[in-house]
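*Asks:* Structure below; questions to follow.
The values are calculated or read from the model by the stated rules, or taken from the named source; none is laboratory data. Since the model is a prediction, treat every value here as computed from it, not as a measurement. Using ideal geometry, Cβ is built from the backbone for each residue, glycine included, and neighbour counts are taken over all protein chains shown. Just the protein is used for accessible areas: all its heavy atoms, side chains included, with ligands, DNA and RNA removed. Shrake-Rupley method; radii C 1.70, N 1.55, O 1.52, S 1.80 Å.
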Amino acid sequence: LQFSGVIKLADTGIPYPIYVFSGTLLWQIFTEALSSPIQQINASKGVLSKLNFPREAILLSGIYKVLFNALIKVIILIPIVFLFDIIPDWKIILFPLAVLSMILVGFTIGLMLAPIGSLYTDIGRLIPMGAQFLMYLSPVVYAIPKAGIGATLFKWNFTTPLLMTARDFLTAGNLEWINYFLIVNGIALVVLLFAWFVFKITMPVIIERMSA
């Protein structure tokens, strides 16, 4: 993308290794949360068709795994920030909220896709490919372009405020994207409730199809 002129490297405002490392770890958290619902359902197909238990339990199990992996990543990331002479301010205490935000948005999208993804395995395979494509339109390894098509794509990308605000919390940034960050999370909470409702009413049909 960079060489085609769609995206041009710009100043990141922080040491580039920290920009890339933090972006990569946050993106891994997002993609793990995104894939979790379908992975958990597919891994539990045998149990779902034989035992009667709250189906939400398999989703919660996946969330716990994502949270545990995210904790390890955060423990690795924070000391590295100090190694690059970045002195965080009080906002660093909000960084875990930004991590939870990545999990919330990723899990919400994954839960929306779970009913159809549980019946058609190709959907589960396409999710990593879609996430990989989206990564190159997100401020993971590239700074947001100042102008052009790339700038527009980055700014309309819902993951941009999540990543940028997380970095601002971590590196004493100026919270330029905080309003957009709050809007995205508010929408995600509403969509999560709807997706959870759809999950509850569709699971009996999905289980029946699985055992057929």
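*Asks:* Can you name the residue in segment 54-77 that is assigned to a helix (DSSP H, G or I), open to solvent by 40 Å² or more (accessible area, probe 1.4 Å) and touching a residue at least 12 places away in the same chain (Cβ under 8 Å) and, of all such residues, is nearest to PHE197 (Cα to Cα)?
*Replies:* Taking segment 54-77 and keeping what is assigned to a helix (DSSP H, G or I), we get 56-77.
Imposing the further condition that a residue be open to solvent by 40 Å² or more (accessible area, probe 1.4 Å) reduces the set to 57, 60-61, 64-65, 67-69, 71-72, 75-76.
Still in the running and touching a residue at least 12 places away in the same chain (Cβ under 8 Å): 61, 65, 67, 69, 76.
Working: SER61: 18, LYS65: 23, LEU67: 23, ASN69: 27, ILE76: 36 Å.
In this case the residue turns out to be SER61.
*Asks:* Could you pull out the residue among PRO37, PRO54, PRO15 that is modelled with pLDDT of 85 or more and out of contact with any Asp or Glu (no Cβ under 9 Å at 6 or more places or on another chain)?
*Replies:* Step by step, each of PRO37, PRO54, PRO15 is checked, and only PRO37 is modelled with pLDDT of 85 or more and out of contact with any Asp or Glu (no Cβ under 9 Å at 6 or more places or on another chain).
*Asks:* Turning to a different aspect of this structure: Looking at segment 158-179, which of its residues are closer than 24 Å to LEU113 by Cα and open to solvent by 10 Å² or more (accessible area, probe 1.4 Å)? Explain how you work it out, then say what you get.
*Replies:* Step one: of segment 158-179, the residues closer than 24 Å to LEU113 by Cα are 158-163.
Of everything in segment 158-179, just one residue is closer than 24 Å to LEU113 by Cα and open to solvent by 10 Å² or more (accessible area, probe 1.4 Å), namely PHE158.
*Asks:* On the basis of being of a type in the set (A, V, I, L, M, F, W, C) and surrounded by fewer than 17 Cβ atoms within 10 Å (Cβ to Cβ), does ALA151 make the cut?
*Replies:* Details: of a type in the set (A, V, I, L, M, F, W, C): yes; surrounded by fewer than 17 Cβ atoms within 10 Å (Cβ to Cβ): yes.
Judged against the criteria, ALA151 is a match.
*Asks:* Look through segment 95-108, keep the residues that are open to solvent by less than 50 Å² (accessible area, probe 1.4 Å) and either of a type in the set (A, V, I, L, M, F, W, C) or modelled with pLDDT under 95 (or both), and return whichever of them is farthest from ASN174 (Cα to Cα). Give the derivation first.
*Replies:* Pass one, segment 95-108, residues open to solvent by less than 50 Å² (accessible area, probe 1.4 Å): 95, 98-99, 101-108.
From what is left, the residues that are either of a type in the set (A, V, I, L, M, F, W, C) or modelled with pLDDT under 95 (or both) are 95, 98-99, 102-105, 107.
Working: PHE95: 14, ALA98: 15, VAL99: 18, MET102: 19, ILE103: 23, LEU104: 23, VAL105: 23, PHE107: 27 Å.
Here the answer is PHE107.
*Asks:* Quick check: anything in segment 194-208 open to solvent by less than 40 Å² (accessible area, probe 1.4 Å) and within 18 Å of ILE29 (Cβ to Cβ)?
*Replies:* Looking through segment 194-208, none of the residues is open to solvent by less than 40 Å² (accessible area, probe 1.4 Å) and within 18 Å of ILE29 (Cβ to Cβ).
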